[in-house]
1. Which residues, counting only those in segment 69-103, are within 25 Å of residue 129 (Cα to Cα) and among the hydroxyl-bearing types (Ser, Thr, Tyr)?
2. May I ask you to say which residue of 89, 80, 85, 162 is within 17 Å of the chain's Cα centre (by Cα) and either surrounded by 14 or more Cβ atoms within 10 Å (Cβ to Cβ) or at pLDDT 95 or above (or both)?
3. Given the residues 34, 43, 56, which is the only one that is surrounded by 13 or more Cβ atoms within 10 Å (Cβ to Cβ) and either outside any helix (DSSP H, G or I) or small (Gly, Ala, Ser) (or both)?
4. List the residue pairs whose Cβ atoms are under 9 Å apart, where the first residue sits in segment 86-100 and is of a type in the set (Ser, Thr, Tyr), the second is surrounded by fewer than 17 Cβ atoms within 10 Å (Cβ to Cβ), and the two are 6 or more positions apart or on different chains.
5. How many residues does segment 92-117 contain that are modelled with pLDDT of 95 or more and of a type in the set (Ser, Thr, Tyr)?
6. How many residues, within segment 132-143, are farther than 17 Å from residue 114 by Cβ, outside any loop (DSSP other than H, G, I, E, B) and hydrophobic (A, V, I, L, M, F, W, C)?
7. Can you find a residue in segment 107-115 that is exposed (fewer than 14 other Cβ atoms within 10 Å of the Cβ), touching a Gly at 6+ places or on another chain (Cβ under 8 Å), within 21 Å of residue 21 (Cα to Cα) and not β-branched (Val, Ile, Thr)?
8. Could you list, in sequence order, the residues of segment 111-129 that are free of Cβ contacts under 8 Å to residues at least 60 places away in the same chain and under 11 Å from residue 33 (Cα atoms)?
Amino acid sequence: MSDNLDFNQDQLKEVNSIPQFLKVLCVLTLIYISFSSLIDVFSINHGELTNQEMLSIKAEMSVMVANYEKVDFQYGATCIRQLTILKEILNGKYLAFAILSLIINFIGVFGVMKMRNGFKIGFHLYIIYSLLYVSQNFFFASTQYIPGIVLYFNLSISLIFIFMYSRNLKWMK
């Protein structure tokens, strides 16, 4: 009985010794992944967008394209056109996309929890999660329909978080 009590106290000391920065990163990541997963579940529940909903989205996007072209911002107009086509492609494959996204999110949560518990394997799983998250659109659409700005933004955020998590590697086993 005494050995079991000592073991639990050792575990408690380990949990309390988690670097504060790692705790904050884990919480932020888990909040983001939770919201992403919730959106995926709602997408599965809602189903494919109707033709009327797609026409509404296309109309709103066309207005944005016209506004960008009016101020001679061709890159913005091109990005919106690409996003419109991407939305159509992903709408046709919404179930596969949402399920893949949930699987990717599960890998991310598992990796974060492993890092939180002090295991380096969690860091490697988080890198895999980040790469899959950044590239998930490429599983369903050609590169010509994915705006570069979306790719660069997602990649930048992923690299920043990977770098911040890497600052805690010395604490992990």
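The values are calculated or read from the model by the stated rules, or taken from the named source; none is laboratory data. These numbers were taken from a predicted model, which means no experiment stands behind them. When we count neighbours, we look across all protein chains shown, and the Cβ atoms used for this are built from the backbone with ideal geometry, even at glycine.
1. 94, 101
2. Numbers: 89 fails: within 17 Å of the chain's Cα centre (by Cα); 80 fails: within 17 Å of the chain's Cα centre (by Cα); 85 fails: within 17 Å of the chain's Cα centre (by Cα).
When all the criteria are applied, what remains is 162.
3. Working: 34 fails: surrounded by 13 or more Cβ atoms within 10 Å (Cβ to Cβ); 56 fails: surrounded by 13 or more Cβ atoms within 10 Å (Cβ to Cβ).
The match here is 43.
4. 94/44; 94/46; 94/47; 94/48
5. So the count comes out to 1.
6. Final tally of qualifying residues: 3.
7. Taking segment 107-115 and keeping what is exposed (fewer than 14 other Cβ atoms within 10 Å of the Cβ), we get none.
No, that holds for no residue.
8. Result: 129, single match.
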